[in-house]
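Have a look at the structure below before the remarks.
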Amino acid sequence: MRIKPSLLLLCLLPISGCNGFFQKDSTTGTTTGTSATNYAFVANTGSNTVTGLGISTTGTLAALSGSPITLGLPPTALVVSRDNKFLWVGTVSAIYGYTIASDGTLAAMSSGNAIANAICTDMQVSPDGKWMMVLDGSGNSIDLFAINTDGTLTPGPNSGIGFTASGTVIPQQLRIAPSGAYVVAAMGTAGELVFSFNTTTGALALLTQTTPPGTTSDNGIAIDSTSTYLYEARSGSNPGLVVSTVGSNGNLTPTTSTTYAAGAQPYSVVLDNTNKYVYVANRTDGTISGYNIGTNAALTAIAGSPFSSGVAVQSLGADSTGKWLLAASYSGSPDLSLYGFDATNLGRLYSVSSAATGTNASVLALSH
């Protein structure tokens, strides 16, 4: 299961002590780098590493020079800058930065020292590339940073926003609408928080909280390219995929009373680049459910769905070229899977390649 950063922090800080609060990283270079310009990064929480891979035009995965990155604490969040020049890695206490050279080589910033302080559950970069947001593992704030041209981070207005959410808050995932107008945080059994966002000033304001019915947990979310629909991967008493419209006031309105059936413990959700298909990672049964997106975001199962994946698959991503879908699996077999889209049976996934990345592949981030 996803490890809550705040719980990791309680376990690890007494060991590291105050002088070790910002653990310095070390980067192990390889000689199998690639000049590909399409990248995948995988956080391996069990081995305290991040693996960087180049994706070729045929779907081959090859290690980037400077990979794997080794940290003193488990990596809990990843995000790539909009111009693909920087990778940021979040842990339970700090954020580390890495440059991505034109040939894909990774190099630590700030001599491997932390560049910012944050308890990171998830990290996202705004569509204009100016801001980084961090869903804080404490469950009561979103940290905001301005992104400098050299990849360093400066605290933004008020350093973000603090909030109070009702219910049992379990921070899971953060998404910024492609329009930049709003932000959604999935908070587990506490449902979704919707914030307004001003991309010019960086101002954040809490609009609404929507709590799921019954004993359920909203684990993963995705927003379509028009910023109209929110897709929620939900587990518990009424599991599956929920689709809602997002109002200007932040209210979420389900498009149907139906929760679309998925596998056991839906955990992550992603749309393909055409926004014609949506996919859900089912963590408990190691499968990926696929759906065609119709008028008003009505969903129908893709032929052949669900598709087989690794054990405890929990993070999905669609690559920037629109050719591939990738999946990271916590218990491996394999750690990272790469799929292509069947041109005959539209939306159907087929396995292309895979890679070993490290112990407990937990979070996946892709270049833009």
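Odds and ends about this structure:
- Taking amide H as placed 1.01 Å from N in the peptide plane, the amide H of Thr255 sits under 5 Å from that of Val243, Ser244, Thr245, each at least 5 places away or on another chain.
- Calculated P(r) of the range 218-302 - Cα pairs past 16 Å, %: 46 percent
- Overall form of the range 164-240: oblate. Here a/c, set by the Cα gyration tensor axes a ≥ b ≥ c, is 1.5 or more, and a/b is not larger than b/c.
- Charges were assigned to the Cβ only: +1 to each Lys and Arg, -1 to each Asp and Glu. The resulting dipole of the chain about its Cα centre is roughly 140 debye.
- Counting neighbouring beta carbons within 10 Å and listing from fewest to most, the residues Met109, Met187 come out as Met109, Met187.
- Taken along its principal axes, the alpha carbon cloud of the range 105-212 reaches lengths of 43, 27, 26 Å, longest axis first.
- Label-point separation, Thr164 to Ser308 (7 Å along Cα→Cβ), nm: 5.2 nm
- q = 0.18, 0.19 Å⁻¹: log10 I(q)/I(0) that the Debye formula gives for the range 265-368, counting C-alpha atoms only: -0.77, -0.86
- Cα gyration tensor category, rounded, prolate or oblate, for the range 50-136 with a/c compared to 1.5: prolate
- Nitroxide proxy distance, nm - points 7 Å out along Cα→Cβ at Asn117 and Thr215: 4.0 nm
- Total lysine pairs whose alpha carbons fall under 22 Å of each other in the chain (8 or more apart, or interchain): 5
- MRE, 222 nm, helices only [DSSP H, n ≥ 4, -39500 (n - 2.57), over the chain, to nearest 500]: -1000 deg cm²/dmol
- 19 Å reach of a label modelled at Ala101, 7 Å along Cα-to-Cβ, counting backbone N of the range 65-81: 65-70, 81
- Segment Lys130-Asn273, length gained on full extension (0.36 nm per residue, minus Cα span): 49.2 nm
- Using only Cα coordinates, the Kirkwood hydrodynamic radius of the chain works out to 20.2 Å.
Every read-out reported here was derived from the displayed coordinates using simple, explicitly stated rules and does not represent laboratory data. Fair warning: this is a prediction, and the values are worked out from it, not measured in the lab. We place every Cβ from the backbone using ideal geometry, glycine too, and count neighbours over all the protein chains shown.
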